Amino acid sequence: MSVLYEIPVELHSSRYRVMLGSELSTSIQSSELFQAASQIILVTNSTLEVLYSPFIELLFKEVTQAVVRVTLADGEHYKTWASLDKIHSAMLAAKCDRNCLVLAFGGGVVGDIAGFAAATYMRGVKFVQIPTTLLAQVDSSVGGKTAINHPLGKNMIGAFHQPSAVYADMALLQTLPKRELSAGIAEVIKHGLLADRALFDWLHLNMSALLAFNPTALLHVVKRSVEIKAKIVGEDETETGVRALLNLGHTFGHALEAVLGYGSWLHGEAVGCGLVLAGKLSQRLGMIHPTQVQKIEEVVASAHLPVRVPAEAPTQALLEAMLHDKKNQQGQLRFVVLEALGKATVQTVPLALAKEVIDKSR
Ligand SMILES: NC(=O)c1ccc[n+]([C@@H]2O[C@H](COP(=O)([O-])OP(=O)(O)OC[C@H]3O[C@@H](n4cnc5c(N)ncnc54)[C@H](O)[C@@H]3O)[C@@H](O)[C@H]2O)c1
Ligand SMILES: [Zn+2]
């Protein structure tokens, strides 16, 4: 099998391609990047190392240079300084030089840590993303945000460091737990809502195919999502403007994650609920019609994502969390809201309005 689509990501600092297809290990191995690397550092987690040992074996079958393998424990809980140190230590022990290549094989957690390790080793070495979750394929592997968590804040220690290539392999998604699949779909719904009405309508009609892991359906949503994200990141690499639109549903979502306790809801689940809340806020501002909010709620619910704010997340705690969010400066609540299905904008919103929307969403 081979690469079916190549989507360019054009930035000021670099240019790379996102390769989409199925069973891509041979394509990756024969790539110029792979051939040119002095050493290759494979970063993955303990679950994927077992699940995909044949894929990984194939990846290194004809490789002549040294391969350094770093396997992290599985989970957001390990997106830490200690994991970063483990990668750097392995690279130093193997005497990796500036021409080495870090390979991130995993979901957003592995991608974010491995990317940050590559950003910081010898002031920056190349890295390639092989995202294995839908969320990582449609979102985190593209755009160059890398980070680890600090006990005082999620993703607080990080850097912008673009990958040299991304290989999104649809075959890898087949083993994804259903809950993780739904979490990834939340970010796809987000892309449809903020930039592509046709994608949103497609989701309305084809959700069951997606939930059944239909490869054609998966390929469609990954392709459109990557195209949308690539365009936005291309216009605003370091989030000083239009890139903020990608945070649609995330002000509410991050607050839900923080108040419920990280790990209680998956990020995508919180984003799903956040999209419904952002829709209601937009309606309250007179920007969209109640029937459009209804449709957002239907699509989110059809992906098996939550649409109601749970009792365990009190309104006051959510409001405080939103005021603490790093994206809300000077106590102003800035929200991405919808002007239409498929068109978003950023607006400052009074706290009382956000409170009203949360209270009416229980
Ligand atoms: N850099 C960015 O722009 C960006 C954007 C969004 C999210 N993120 C980050 O991404 C992280 C979340 O990523 P995620 O949702 O991919 O979670 P994850 O990386 O924790 O993966 C979810 C679970 O699925 C397992 N898994 C991964 N691939 C699998 C497969 N093919 N088959 C079976 N199981 C598989 C993992 O081992 C893990 O247990 C968060 O840390 C978040 O901060 C980063
Ligand atoms: Zn997100």
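The values are calculated or read from the model by the stated rules, or taken from the named source; none is laboratory data. This structure is a prediction, so every number in the text was calculated from the model and none was measured. Glycine gets a Cβ as well: all are built from the backbone with ideal geometry, and neighbour counts include every protein chain shown.
So here's what we get for this one:
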read-out	value
Listing of helices (runs of 4 or more DSSP H) fully contained in the range 26-80 that carry 3 or more residues being within 15 Å of Phe105 (Cβ to Cβ)	46-51, 53-59
Checklist (1) more than 16 Å from ligand 2 (Cβ to nearest atom); (2) surrounded by fewer than 18 Cβ atoms within 10 Å (Cβ to Cβ) applied to Glu239, failing item	(1)
Qualifying residue in the range 163-185 (condition: surrounded by 22 or more Cβ atoms within 10 Å (Cβ to Cβ), modelled with pLDDT of 95 or more and basic (Lys, Arg))	no
Given (1) outside any strand (DSSP E or B); (2) within 18 Å of Gln129 (Cβ to Cβ), index of the condition Glu6 fails	(1)
The range 255-291, residues that are more than 23 Å from Asp325 (Cα to Cα), surrounded by fewer than 20 Cβ atoms within 10 Å (Cβ to Cβ) and touching a strand residue (DSSP E or B) at 6+ places or on another chain (Cβ under 8 Å)	Met287
Residue among Leu172, Leu181, Leu135 that is under 16 Å from Ala104 (Cβ atoms), hydrophobic (A, V, I, L, M, F, W, C) and within 16 Å of ligand 2 (Cβ to nearest atom)	Leu135
Test result for Val336, free of Cβ contacts under 8 Å to residues at least 24 places away in the same chain, of a type in the set (A, V, I, L, M) and crowded, with 17+ Cβ neighbours inside 10 Å	no
The one condition in (1) over 19 Å from the mean Cα position of the chain (by Cα); (2) aliphatic (A, V, I, L, M); (3) within 15 Å of ligand 1 (Cβ to nearest atom) that Val110 fails to fulfil	(1)
Ala73 being under 24 Å from the mean Cα position of the chain (by Cα), away from ligand 2 (no atom under 16 Å from the Cβ) and surrounded by fewer than 19 Cβ atoms within 10 Å (Cβ to Cβ)	yes
Any pair with Cβ under 7 angstrom, 6 or more apart, that starts in the range 63-82 at a residue that is within 22 Å of Glu180 (Cβ to Cβ) and ends at one that is of a type in the set (Lys, Arg) and assigned to a loop (DSSP other than H, G, I, E, B)	none
Test result for Leu48, buried (at least 17 other Cβ atoms within 10 Å of the Cβ) and modelled with pLDDT of 95 or more	yes
Strands (runs of 3 or more DSSP E) wholly inside the range 120-218 containing at least 1 residues that are within 21 Å of Tyr262 (Cβ to Cβ) and in the same structural domain as Val336 (by TED's automatic domain parsing)	none
Pair list, Cβ < 6 Å and 6+ apart or interchain, from the range 228-256 residues that are of a type in the set (Lys, Arg) to residues that are surrounded by 17 or more Cβ atoms within 10 Å (Cβ to Cβ) and assigned to a helix (DSSP H, G or I)	Arg243/Ile232
Residue within the range 279-296 that is within 16 Å of ligand 1 (Cβ to nearest atom) and at negative phi present	no
Test set (1) among the hydrophobic types (A, V, I, L, M, F, W, C); (2) under 19 Å from Arg362 (Cα atoms); (3) touching a strand residue (DSSP E or B) at 6+ places or on another chain (Cβ under 7 Å); (4) without any contact (Cβ under 8 Å) to a residue 60 or more places away in the chain - Met322 fails condition number	(4)
Boolean, Lys95 is in the same structural domain as His150 (by TED's automatic domain parsing), over 23 Å from Val166 (Cα atoms), part of a loop (DSSP other than H, G, I, E, B) and away from ligand 1 (no atom under 15 Å from the Cβ)	yes
Those residues of the range 13-24 which are over 16 Å from Gln137 (Cβ atoms) and either assigned to a strand (DSSP E or B) or touching a helix residue (DSSP H, G or I) at 6+ places or on another chain (Cβ under 9 Å) (or both), in sequence order	Arg15
